[in-house]
Amino acid sequence: MSENENVSQEITTSFPNTTEVRYDNDLNRIPVGFMNESEQNMFFAILSQVKDTDERKTKLSFNQIRELANFQKTSNKELVKSLDNMTSKLATLNVRVQNKSEIIKFTLFPTFKIDSAQQNLTVAVNEDFRYIVNDLAKGFVTNFDIEEFTSIKSKYAKTAFRLAREHENETFDMNIENFRELFAIPKSYRPTDINRTILTKVTEIMQNYFSPFEITAIQDSGKSHKIIGYRFKIGQRILRNLSEPRQISLLDEQN
């Protein structure tokens, strides 16, 4: 490898572009629902900045992350703690993607560097993951504004929102195993618990974003009537009052 190639791989970008999150639908099959609300906000805020670039690393200041992810706590100590928790969880996530001839396993981001002194985060994107955010010409894409995503105050509803953006004006089924994995449902939850503590709240929230929005249980046709999956009925997106695309300030205030 030439010296120039080494240099180009280490280029970093310090400034975010817009707040649009856009990625290949394959990401909706990767279970990130185990992260809490704040961690999901930061994850997709970062994702909004690594799209459409061939650069190996992306650098964001703490202030940019705080603004993009709508992180309300003002101290950098709290932000570092949340970033550390998020990156630790992502490090345990081994992604598996399968097509007709290949099975690929990889981590999304091989390197996270949290620099408290310089007050920034540097992210290295796995080359096997890059197609998720760069190779979007085939058209199977989920997109939304990070401001709209951070307005959703439920980690379960955030997962439902992403699926709804993919399947707008569609009805689709999901088996119970995939549902539990994608939504990170606690193993102790029975179907009645899922309906009472999750589905009712998710439906109430999502009806502010899509009309109609319904989730109904699919039961086994046998005598047990065991719940074997869920049916999602997604209607038209309700346009919200967002300034699109919203530009983020490039000023790095040192707080």
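Where a number appears in this text, it was derived from the coordinates with a stated rule and is not lab data. For clarity, every value in this text was computed on a predicted model and none was experimentally measured. Cβ: placed from backbone, ideal geometry, glycine included. Neighbour counts: every protein chain shown.
Using +1 at the Cβ of each Lys and Arg and -1 at the Cβ of each Asp and Glu in the stretch 41-178, identify which of ALA157, PHE144, THR171 lies farthest towards the dipole's positive end.
ALA157
Loop-only check: which GluC sites (Glu not before Pro) in the stretch 83-155 are DSSP coil with at most 14 other Cβ within 10 angstrom?
Values: sites: GLU102, GLU127, GLU147, GLU148; in loops: GLU102, GLU127.
Answer in residue order: GLU102, GLU127.
What order do you get for TYR131, TYR23 when you list them from fewest to most C-beta neighbours inside 10 Å?
Sorted ascending by nearby Cβ count, the order is TYR131, TYR23.
Specify the inter-centroid distance of the stretch 134-187 and the stretch 22-54, based on alpha-carbon positions, in whole Å.
11 Å
Fewest to most neighbouring Cβ within 10 Å: what's the order for MET206, MET174?
Arranged by neighbour count, lowest to highest, MET206, MET174 become MET174, MET206.
Go through GLN236, TYR209, PHE183 and say which Cα lies farthest out towards the positive end of the charge dipole of the stretch 152-239; charges sit on Cβ, +1 for Lys and Arg, -1 for Asp and Glu.
Sorting the options by dipole projection puts first PHE183.
Between beta-carbons, use under 10 Å as the cut-off and find the net charge around ILE227, counting Lys and Arg +1, Asp and Glu -1.
After counting each charged neighbour, the total is +1.
Taking the Cβ of each residue in SER116, SER188, SER224, SER151 as the centre, tally the other Cβ atoms inside 10 Å and list the residues starting with the fewest. It would help to have the intermediate numbers written out before the result.
Details: SER116 12, SER188 6, SER224 9, SER151 16.
By the 10 Å Cβ count, ascending, the order reads SER188, SER224, SER116, SER151.
Could you run the Karplus curve 6.51 cos²θ - 1.76 cosθ + 1.60 with θ = phi - 60° over the stretch 226-236 and give me ³J(HN,Hα) per residue in whole Hz, x for Gly and Pro?
The phi angles translate into 5, 6, 10, x, 9, 10, 9, 10, 10, x, 6 Hz.
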